[in-house]
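Novice: Encoded as structure tokens, here's the structure I'll be asking about.
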């Protein structure tokens, strides 16, 4: 809940985000996404969670209708899209969650992935011990 409040604090008039692009393959990320939106906002689904298909937990019909939210999917992208997203990262508007782990923690990383405990991305440093 604090994250949603923080996001709304930095948006014009505290209304919330116009759109949220969920790139993470995490059901929890999808469940949170609607709480970040302003009236008429949109969630764009890009990342697909592993395992059994799970509906977006917070997507109750009354909420979707009452706040006029849109949920849409996108499985395509092009170089222009990628460049625009990288520009957002370069400007500090999007902060990717990346953790670098040594090769010795590979088994532990896979166990966390299997349990759905990894948020963001994990990079394995194959040069480390």
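Novice: With springs only between Cα atoms under 10 Å, which of 119, 97, 32 fluctuates most in a Gaussian network model of the chain?
Specialist: 97
Novice: Roughly how many nanometres apart are two label points built 7 Å out from the Cα toward the Cβ at residue 113 and residue 87?
Specialist: 3.3
Novice: Which of rounded, prolate or oblate describes segment 56-129 when judged by the alpha-carbon gyration tensor and an a/c cut-off of 1.5?
Specialist: oblate
Novice: While we're here: To the nearest 10 degrees, how steep is helix 79-90 against the longest Cα principal axis of the chain, on a 0 to 90 scale?
Specialist: Roughly 80 degrees, rounded to the nearest 10.
Novice: Cα gyration tensor of segment 2-96, axes a ≥ b ≥ c as square roots of the eigenvalues: rounded (a/c below 1.5), prolate (a/b > b/c) or oblate?
Specialist: Because a/c hits 1.5 or more and a/b fails to exceed b/c, segment 2-96 counts as oblate.
Rule-based calculations on the coordinates, nothing more; no lab input. Values in this document were obtained by computation on a predicted structure and should not be read as measured data. Backbone-built Cβ (ideal geometry, glycine too); neighbour counts: all protein chains shown.
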